[in-house]
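**Q** For reference, the structure I am asking about is given below.
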Amino acid sequence: MVSCIRSVRTCIQVIFLGKVRLMQTITLRVPDELRTLIAEAAEANGQSQSDYMRQAIEIHVKRVDSKYDRQPGEKSIALTAYERASLILQHQALLAAQGQLPKESYDSKWHERAIEVFERGYEGEYPQLFPSSTEALDAYDCELVWDILDMFRVIHFSVEALGENGWDAIGVENAEWFGKFQGFDYQRERESQMAGYIEYLVKSGRWTEQEELVKEGTNSHSQMLPTYQAMLGAFKPIWREAVRGGGRSHLSAHDLQKILLAAPGARRDETRSRT
């Protein structure tokens with residue numbers, strides 16, 4: 001009797017401090033019906049079953065295809081609240097020495113209180129002196145923001161390359177809305193931090209195509225991160241193949257359609273598919 005359980009093997013890759021390390025093969029047993037669905041979905045995405053499953057797992061654990069994530073510098077650097085506060089004061093001192101410290105950055109009464117707290121060793125007051133209210137946006141989330149902005153940059157210039165009716169050519173309802181970066185939800189702490197980081201990146205001269213959004217405000221007023229992560233799951237293998245296939249700088253309308261349809265709620269424009 002043919003068993004209804006089959007083995008599907010996949011290799012999970014994990015990044016530690018920017019270096020890829022291969023782990024042992026994991027065997028997953030799935031019913032025939034699920035295996036068929038995996039095979040069909042992988043074929044529809046133009047991926048191997050192994051690649052498709054790895055991507056699905058990474059999305060589930062909020063890690064989208066870690067092998068192809070942009071890597072930070074030599075390694076991630078984490079700072080304690082104390083270290084952050086110390087560095088802030090050092091940079092403020094340098095600005096003050098040049099007469100360039102903005103008035104709003106200097107609170108003489110706060111500094112007087114801080115001196116007294118440290119001189120007298122009032123340990124219960126220490127938490128009030130460090131920026132603990134502002135959680136750090138860790139290296140992974142910074143990388144995730146970079147990848148999201150890169151994806152929308154590729155979409156933007158690919159649509160431009162399609163011509164005047166580029167959005168219509170994609171064949172997705174409300175394609176322009178799904179294909180443009182909408183910002184992040186300020187009501188969600190993680191997304192709010194990402195929105196602030198976007199503003200910093202644009203101000204520092206990176207991803208300047210988002211300048212208009214930053215001027216208007218980066219608050220999406222609704223949760224967007226799961227949508228962007230789902231789109232990244234479709235975008236990364238497509239973009240990877242485009243680059244491998246000759247270094248194309250633009251994606252086709254069909255490629256863009258796959259990416260936009262990965263967003264929850266996106267639907268094909270059936271009126272255009274019939275024309």
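**Q** Here are the criteria: (1) outside any loop (DSSP other than H, G, I, E, B); (2) in contact with a helix residue (DSSP H, G or I) (Cβ under 9 Å, 6 or more places away or on another chain); (3) surrounded by 18 or more Cβ atoms within 10 Å (Cβ to Cβ); (4) free of Cβ contacts under 8 Å to residues at least 60 places away in the same chain. Tell me which single one MET231 does not satisfy.
**A** (4)
**Q** Of a type in the set (Gly, Ala, Ser) and surrounded by 15 or more Cβ atoms within 10 Å (Cβ to Cβ), is that true of SER192? Don't jump to the end; show me each part of the working.
**A** Numbers: of a type in the set (Gly, Ala, Ser): yes; surrounded by 15 or more Cβ atoms within 10 Å (Cβ to Cβ): yes.
Judged against the criteria, SER192 is a match.
**Q** Run down PHE178, PHE152 and say which single residue is under 30 Å from LEU260 (Cα atoms), in contact with a Ser or Thr (Cβ under 9 Å, 6 or more places away or on another chain) and assigned by TED's automatic domain parsing to the domain that holds MET224.
**A** PHE178
**Q** All but one of (1) among the basic types (Lys, Arg); (2) over 19 Å from the mean Cα position of the chain (by Cα); (3) assigned to a helix (DSSP H, G or I); (4) modelled with pLDDT under 70 hold for ARG21; state the number of the condition that does not hold.
**A** (3)
**Q** Need pairs with beta-carbon distance below 6 Å; first residue closer than 12 Å to HIS250 by Cβ and within the stretch 160-171, second assigned to a loop (DSSP other than H, G, I, E, B) and of a type outside the set (Gly, Ala, Ser); sequence gap 6+ or separate chains.
**A** Sorted first by the residue in the stretch 160-171, then by its partner, the pairs are ALA161/HIS250.
**Q** How many residues does the stretch 93-145 contain that are among the acidic types (Asp, Glu), surrounded by 13 or more Cβ atoms within 10 Å (Cβ to Cβ) and over 30 Å from GLN229 (Cβ atoms)?
**A** So the answer is 1.
The values are calculated or read from the model by the stated rules, or taken from the named source; none is laboratory data. What you see is a predicted model; the values in this text were computed from it and never measured. Reconstructed Cβ throughout: ideal geometry from the backbone, glycine too, with neighbour counts over all protein chains shown.
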